[in-house]
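The values are calculated or read from the model by the stated rules, or taken from the named source; none is laboratory data. Bear in mind that the values here come from a model prediction, so they are computed numbers and not experimental data. Don't worry about glycine lacking a Cβ; one is built from the backbone with ideal geometry, like all the others, and counts go over all protein chains shown. Note: areas computed on protein heavy atoms with side chains; ligands, DNA, RNA excluded. Shrake-Rupley method; radii C 1.70, N 1.55, O 1.52, S 1.80 Å.
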Amino acid sequence: MKTKKDLFKIILLQLCIIFVFSVIYYNMHSDNFIFRNRHNKKDENNYLDYFYFSTVTSASTGFGDISPRTTIAKVVVTAQILLTYTNILRIFL
């Protein structure tokens with residue numbers, strides 16, 4: 001049985017995973033991602049777009065409004081998903 005302190009550590013680690021990957025996505029060129037709801041190519045992607053994408057990816061929701069386009073982006077997103085699942089699995093072990 002996990003204690004409240006253990007669960008707090010898992011939640012804190014998950015928030016760190018979301019934050020770190022949102023920074024990575026933000027620093028990758030926007031050509032690595034497809035933004036489906038952008039009507040104007042000149043719309044700037046801001047950090048909030050990537051934080052949102054990182055959160056949705058961690059929640060395994062995957063709305064599809066932002067998706068990886070290039071191989072490197074797909075690899076980074078897959079790494080985030082695997083880290084998230086590994087972190088959540090710690091709750092049950």
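Key figures for this structure:
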| item | result |
| --- | --- |
| The stretch 69-93, subset under 11 Å from the mean Cα position of the chain (by Cα) and not hydrophobic (A, V, I, L, M, F, W, C), residue farthest from Tyr25 (Cα to Cα) | Thr84 |
| Number of the condition not met by Ile34 [criteria: (1) under 30 Å from Leu7 (Cα atoms); (2) in a strand (DSSP E or B)] | (1) |
| Criterion (open to solvent by 70 Å² or more (accessible area, probe 1.4 Å), without any contact (Cβ under 8 Å) to a residue 24 or more places away in the chain, in a helix (DSSP H, G or I) and touching a strand residue (DSSP E or B) at 6+ places or on another chain (Cβ under 9 Å)) met by exactly one of Lys5, Lys74 | Lys74 |
| Residues being of a type in the set (Phe, Trp, Tyr), under 15 Å from Val20 (Cα atoms) and either part of a loop (DSSP other than H, G, I, E, B) or open to solvent by less than 20 Å² (accessible area, probe 1.4 Å) (or both) - total across the stretch 46-67 | 2 |
| Members of the stretch 19-45 found to be at pLDDT below 95, surrounded by 13 or more Cβ atoms within 10 Å (Cβ to Cβ) and more than 17 Å from Asp65 (Cβ to Cβ), listed by number | Met28 |
| Any pair with Cβ under 7 angstrom, 6 or more apart, that starts in the stretch 77-93 at a residue that is in a helix (DSSP H, G or I) and ends at one that is of a type in the set (Gly, Ala, Ser) | Gln80/Ser54; Gln80/Ser58; Thr84/Ser58 |
| Candidate set: the stretch 8-18, residues that are under 27 Å from Lys74 (Cβ atoms) and surrounded by 13 or more Cβ atoms within 10 Å (Cβ to Cβ); chosen: the one nearest to the chain's Cα centre (by Cα) | Ile18 |
